[in-house]
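What follows is one structure encoded as structure tokens, with my remarks underneath.
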Amino acid sequence: MKKPGGGGGAAVDKKRSRRSYGESSTETPPKKQAAKKDVFQIFAEKVRDHKKLESRWAVLQETRVEYFRGKDFVSFLRNHPELKDILESDRNSEIEDIANILLRKNLIVRCDRVVKTLRPGKKKLSTWPAHLEIFPEQVFSDNDAFFAWTFVNRRPLWQTLLSFFWPVLTLAICLFPVYPHSCKLFILYFCAGLLLLILTLLILRGLVFGTLWILIGKRVWFFPNILAEEATLKELFQFWPKKDEDERPKWTARLFYAIVAVLVFLLLRHHAPDEAARARYQKRVSNIIDDVLEWSPSLALSGMMEKQTVFNATDPDSNVTDSSKSTTEEMAQPEVVKEETIRGEHEVEESIENAEDTDHQQSLLH
């Protein structure tokens, strides 16, 4: 026989299991919670890698750390609110709340300056202290508060490979004198071609900018970041120019610079070297380059061997006769000198006697 109420107990258990399943489905799975935590990690890495956030390095309890100021963090997020989109659901949070979450997650730590007294001759404390200590209250503040990053900044793969490549490149440069002649020629052509490419690119870039600025008043810089000091590798070779948001230049300024450009062109054309001078310069430069390119160790060694064989092929008797001739010539040189001196003395005496005769005749006439 079946127990009464057995079917009702099974129904209750099913309802409980459904409730528990429904409640568990509404809760966030652990993986999603971990992904939500990683959102602040990604946000912290983006903020740390951004160049607009000013930061310095200091010593925190015998550890070198990178830190920033609280007021700089506030102004940075106000000027770049698009970074808050990384936080997804917390993108509308206040800046102080975001900073406090970073503190609770141990992504940053609040620090304080070690030296809190003015040094002799100073009127205020250092803006960026070199030594820090952990502040007791880990709460965000923008009033003379410093915050240090606690995580190790991830480096891209190309930076790691480049760190191994630099010592090899330095060693290769030091060993350049012992390279084969063909390798030296290859390096010479490669460096000359690269230098010519850079100069051509800069000249064309400047000509395009000057022409468009004078004609239509637009500032167009192709490869706008090619001369930037703090540009990444991707930004460095950006081809398309940025949008010109500055005011349009006045027509008087454009006309003035157009006249200056024409005068400079006419001046350079007037003082340009003629065909003979150009050919002479080209010949001189080509001779220097030919000396570098046509030289080879085999030719140099063959020339040295030819000189050595010529010297060995000479007769030793002829060497002796040559040496005897040289000694006789050296011995004959003093006699020649003596004869010349005697002849000079005679000429001087004759000139003196002639002068005395002329003086005597003049006195007789008077």
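Values in this text are rule-based calculations from the coordinates and carry no lab data. Since the structure is predicted, the reported quantities are computational estimates derived from the model, not experimental observations. Every residue, glycine as well, gets a Cβ built from its backbone with ideal geometry; the counts of neighbours run over all protein chains shown.
Descriptive notes on the structure:
- The loop-placed GluC sites (Glu not before Pro) in region 78-138, going by DSSP, that have at most 14 neighbouring Cβ atoms within 10 Å of their Cβ come out as Glu94, Glu137.
- Rounded FRET efficiency, nearest 0.05, which uses the C-beta distance separating Arg219 from Val115 and R0 of 45 Å: 0.40
- Taking trypsin sites (Lys or Arg not before Pro) across region 186-223, the ones in a DSSP loop with at most 14 further Cβ atoms lying within 10 angstrom of their Cβ are Lys218.
- FRET efficiency, Tyr281 to Arg78 (Cβ-Cβ, R0 41 Å, nearest 0.05): 0.10
- Fully extended contour minus Cα-Cα distance, from Ile173 to Lys234, at 0.36 nm per residue: 19.2 nm
- Placing pseudo-labels 7 Å out from each Cα toward the beta carbon at Leu125 and Leu161 gives an inter-label distance of 4.6 nm.
- Label-to-label distance, Cys183 versus Lys250, with points set 7 angstrom from Cα along the beta-carbon direction: 6.2 nm.
- Virtual paramagnetic centre 7 Å along Cα→Cβ of Val39, amide N under 18 Å, in region 68-82: 81-82
- Length available on full extension from Cys191 to Asn100: 0.36 nm per residue minus the Cα-Cα distance, which gives 27.5 nm.
- Among the trypsin sites (Lys or Arg not before Pro) in region 89-166, those located in a DSSP loop and surrounded by at most 10 other Cβ atoms within 10 Å of their own Cβ are Lys116, Lys122, Lys123, Lys124, Arg154.
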